[in-house]
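K.L.:
Sharing a structure below in structure tokens format, with a few things to ask.
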Amino acid sequence: MNLGPLYNANEKYLKGKIPSWNDFVSHPNYDEFWQKQAFAPYIGTPKVPNLNVAGWWDQEDFWGPVKIYELFEKNDTNHLNYLVAGPWNHGGWARSDGGKLGDIPFDSNTSKYYRAQIEAPWFAAWLKDKGAKTFPEATVFQTGSNKWERYDAWPPKNAKATSLYFQAGGKLSFTPPPGEGDGFDGYVSDPSHPVPYRKRPISPTYGPGSAWPTWLVEDQRFVDNRPDVLTFATEPLADDLKIAGDILAELFAATSGSDSDWVVKLIDVFPEIYPEDSKLAGYELMVADEILRGRFRESFERPKAIVPNEITPYKIDLHINDHAFLKGHRIMVQIQSTWFPLYDRNPQKFVDNIFQAREADYQKADQRVYRSRQHASHIVLPVVP
């Protein structure tokens, strides 16, 4: 916060001496400079076996291995492309036993299982011709139920896209909102008082005792009572609800500004009475999350100002997951417009280059998220039997 706008980074600290930072400042959009460096255009048909390994709570790069798998899969005629995903942070499959992450237990040593039962046999088969090369297309750990699942296709063919709608009174329901009109919930987003991404005090990312490696499994109750965070939740589930595949948020929202960030978090809420582990009573576990900078709602190449106070649709990719919301748990969605300092503050006023924005460009904004029949904000869940 003492830095002020990003414009001050060079002025106060970097003094123009960090080439990568200067590149960010000079190329704030996905222009030719970045496109030439992107890996996606170079991924074609896999010529050697690929084992793409991802952690559901990878604080560094969950998107990368999943995207590489997805791109190779388009041309995988010889079945050389495989996916593994487990309940790990960055590299957790290689350097821990995987029995828990933060306060969240997984009922088994998932990393040891991966190394002994998935990785070792896979390399033995492909490199030493020991054992049959008959591996599942996707081997993923289903959190919640805490069990390994094996699929012959990813996403699973039996996943059914199912909409979970925002309702009045902070409720979530699989039934579309009733009635006419444009019901909404609102908040004021103030860049000078941003929502923190983890509990304060926020230690240096890679400093001693840092909570960075496990921040994605932090209890989200530390923000759900803030006036600038919207919270929607179902009633306690009567039965288990399992999801496997792509998760999408579709918001209808308006802002009094001409730019805005939208953060969406999908959360598993544990029962308030939880005798299995008292530390997890009422725990709000983030299952999927993402942020979209409003200027890029149509294109990362060509940013576009938002029309103030106009209801605007946003599609926010929450990526893949395999999770069971268990009976008695609730499904929650949180919406906010800052996630600091994980992401820089949006001025909430459209400027050509946020890296060049001045203090005077930062302004409060009135945010509205709509939940009417005409503008039914919702989460699309890939529900499986």
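K.L.:
Counting only residues that are buried (at least 16 other Cβ atoms within 10 Å of the Cβ) and at pLDDT below 95, how many does region 96-151 have?
P.N.:
Of the residues in that region, 1 qualify.
K.L.:
Among Leu230, Leu241, which is crowded, with 20+ Cβ neighbours inside 10 Å and out of contact with any Asp or Glu (no Cβ under 9 Å at 6 or more places or on another chain)?
P.N.:
Within the list Leu230, Leu241, the selection yields Leu241.
K.L.:
Within region 324-338, identify whether any single residue is open to solvent by less than 10 Å² (accessible area, probe 1.4 Å), among the hydroxyl-bearing types (Ser, Thr, Tyr) and touching a helix residue (DSSP H, G or I) at 6+ places or on another chain (Cβ under 8 Å), and answer yes or no.
P.N.:
Scanning region 324-338 turns up no residue that is open to solvent by less than 10 Å² (accessible area, probe 1.4 Å), among the hydroxyl-bearing types (Ser, Thr, Tyr) and touching a helix residue (DSSP H, G or I) at 6+ places or on another chain (Cβ under 8 Å).
K.L.:
Among residues belonging to region 167-199 that are of a type in the set (A, V, I, L, M, F, W, C) and under 11 Å from Arg371 (Cα atoms), point out the one that is most open to solvent (accessible area, probe 1.4 Å).
P.N.:
Only one residue fits best here, namely Phe184.
K.L.:
For region 28-50, which residues satisfy the criterion of being of a type in the set (Gly, Ala, Ser) and either more than 15 Å from Phe300 (Cβ to Cβ) or in contact with a His (Cβ under 6 Å, 6 or more places away or on another chain) (or both)?
P.N.:
Gly44
K.L.:
Looking only at strands (runs of 3 or more DSSP E) that lie completely in region 312-385, which have at least 1 residues being closer than 23 Å to Asp190 by Cβ and among the basic types (Lys, Arg)? Break it down stepwise before answering.
P.N.:
Numbers: elements: 312-325, 330-336, 365-370, 378-384.
By residue number, 365-370.
K.L.:
Here's another thing I want to ask about it. Of all residues in region 143-157, which are charged (D, E, K, R) and touching a residue at least 12 places away in the same chain (Cβ under 8 Å)?
P.N.:
Restricting attention to region 143-157, the residues satisfying the condition of being charged (D, E, K, R) are 147, 149-150, 152, 157.
Scanning region 143-157 gives Glu149, Arg150, Asp152.
K.L.:
Return the residue satisfying two criteria in turn: it lies in region 19-47 and is of a type in the set (A, V, I, L, M) and in contact with a helix residue (DSSP H, G or I) (Cβ under 8 Å, 6 or more places away or on another chain), and of such residues it is surrounded by the most Cβ atoms within 10 Å (Cβ to Cβ).
P.N.:
Taking region 19-47 first, the residues of a type in the set (A, V, I, L, M) are 25, 38, 40, 43.
From what's left, in contact with a helix residue (DSSP H, G or I) (Cβ under 8 Å, 6 or more places away or on another chain): 25, 40, 43.
On the way: Val25: 19, Ala40: 10, Ile43: 17.
Going through the qualifying residues, I end up with Val25.
K.L.:
Can you find a residue that is among the hydrophobic types (A, V, I, L, M, F, W, C), touching a residue at least 40 places away in the same chain (Cβ under 8 Å) and not in a helix (DSSP H, G or I) anywhere in region 209-220?
P.N.:
Looking for residues that are among the hydrophobic types (A, V, I, L, M, F, W, C), touching a residue at least 40 places away in the same chain (Cβ under 8 Å) and not in a helix (DSSP H, G or I), one finds none in region 209-220, hence no.
K.L.:
How about region 59-88: which of its residues are free of Cβ contacts under 8 Å to residues at least 60 places away in the same chain, assigned to a loop (DSSP other than H, G, I, E, B) and surrounded by 19 or more Cβ atoms within 10 Å (Cβ to Cβ)?
P.N.:
Pro87, Trp88
The values are calculated or read from the model by the stated rules, or taken from the named source; none is laboratory data. As the structure is a computational prediction, the values presented were derived from the model and not from experiment. Cβ sites come from the backbone with ideal geometry, for glycine too, and all protein chains shown count toward neighbours. These accessible areas exclude ligands, DNA and RNA; they are computed on the full protein's heavy atoms, side chains included. Shrake-Rupley method; radii C 1.70, N 1.55, O 1.52, S 1.80 Å.
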